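The values are calculated or read from the model by the stated rules, or taken from the named source; none is laboratory data. All figures in this text were calculated on a predicted structure; none of them were measured in a lab. Note that each Cβ is placed from the backbone with ideal geometry, even for glycine, and that neighbours are counted across all protein chains shown.
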Amino acid sequence: MKFLSYADFICLMQTQTQEKLGEGMQVRLHTVTKNNAVRLDALSISEKEGKIAPTVYLNEFYEDYLNGQSIPDLVEKILSLYSQYRPRVRFDPEFYTDFERVKDRLVCRLINRERNADLLRQIPHRPFLDLAAVVYYAFEDENLGLGAITVYGCHREQWGITEEELFETARENTLRLQPEEFLGMEGMIDKFHERGVPIDVPEEFSGEMWPMYVLTNRSNYYGAALLLFDTVLQDVADRLGDDFWILPSSIHECIIVPAGFAATGPELKKIVWEANRIAVAPEDFLSDEIYFYQGEIHKLSMSE
């Protein structure tokens, strides 16, 4: 059997999805640049007069096609996803032009500075270790779930606020909207299982080599941003009764290893490097570095 090329496949998915939906709908094929400059091909589906277009990423669909799924079945899967996530109420895009309407849901997240260099030229940010703190609008929808709208420089200018005001607002909101959660590794696995999310923890993160904990937020969404808050890190140090290593396992959570156990910096850095290439999606990558927190002097630093 001869398979379609990837370029032909995504074009065919667009045309067949459009045919199924009919003239009253618009199916647009485009490329989305996500965190870490990861580029994904996607279909955006909307009513012709609609303001919101749910996005279906096609890269994994091509893998399904190569594994034997038919084009008609994959088109039906796209239609099912659209039916599940399509907007149920009218969306007013004008709300985002008014700072008073967005300010209570502006929060911080951390991203890798080097891999997002092009993006950082366009958005307000603050350097932090080898990372950058940026701001996004956190939305929560019954159908769409959690989502993020990145704040660009043009948004800040439109709102008529300074970068200092933007980051002060976001820092105040972050812990209020997304309070910390400090779990043992088993607790983190149970949390995913309760949500019906399969999780494959690398053997190195199993907790059998050294005691390991997880620092994230209640939603496990951009939870690595908690590293920005000394109050959170000091709370972890108090709970452990020790200084600790921080292994940035993704943009959503960090692994905590107490300093008093036998792990060394090079050993832990090797674990992070390998896990990033085996178990972490490219768009969720945070860093290959590791960090160390000294509770007595309230100091967070990159490992030498």
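When only residues in the stretch 223-270 that are in contact with a helix residue (DSSP H, G or I) (Cβ under 9 Å, 6 or more places away or on another chain) and among the aromatic types (Phe, Trp, Tyr) count, which is farthest from Glu186 (Cα to Cα)?
Phe229
Among the residues of the stretch 220-243 satisfying the criterion of being among the aromatic types (Phe, Trp, Tyr) and at pLDDT 95 or above, which is farthest from Asp288 (Cα to Cα)?
Going through the qualifying residues, I end up with Phe229.
Collect the residues in the stretch 211-222 that are out of contact with any helix residue (DSSP H, G or I) (no Cβ under 8 Å at 6 or more places or on another chain) and farther than 22 Å from Arg171 by Cβ, keeping them in residue-number order.
The answer is Pro211, and nothing else.
Name every residue in the stretch 212-233 that is of a type outside the set (A, V, I, L, M, F, W, C) and assigned to a helix (DSSP H, G or I), in order of residue number.
Residues satisfying the conditions are Gly223, Asp230, Thr231.
Give me the pairs: first residue in the stretch 290-303 and basic (Lys, Arg), second residue surrounded by 18 or more Cβ atoms within 10 Å (Cβ to Cβ), beta-carbon distance under 8 Å, and six or more apart or on different chains, which are they?
Lys299/Tyr293
Under 9 Å by Cβ, and 6 or more places apart or on different chains, what pairs join a residue from the stretch 61-85 that is assigned by TED's automatic domain parsing to the domain that holds Glu19 and touching a residue at least 40 places away in the same chain (Cβ under 8 Å) with one that is of a type in the set (D, E, K, R) and loosely packed, with under 13 Cβ neighbours inside 10 Å?
Here the result reads Val75/Glu19, each pair linking the stretch 61-85 to a residue that is of a type in the set (D, E, K, R) and loosely packed, with under 13 Cβ neighbours inside 10 Å.
Output the residue which, of all residues in the stretch 2-37 that are out of contact with any strand residue (DSSP E or B) (no Cβ under 9 Å at 6 or more places or on another chain) and part of a loop (DSSP other than H, G, I, E, B), is surrounded by the fewest Cβ atoms within 10 Å (Cβ to Cβ).
The selected residue is Lys2.
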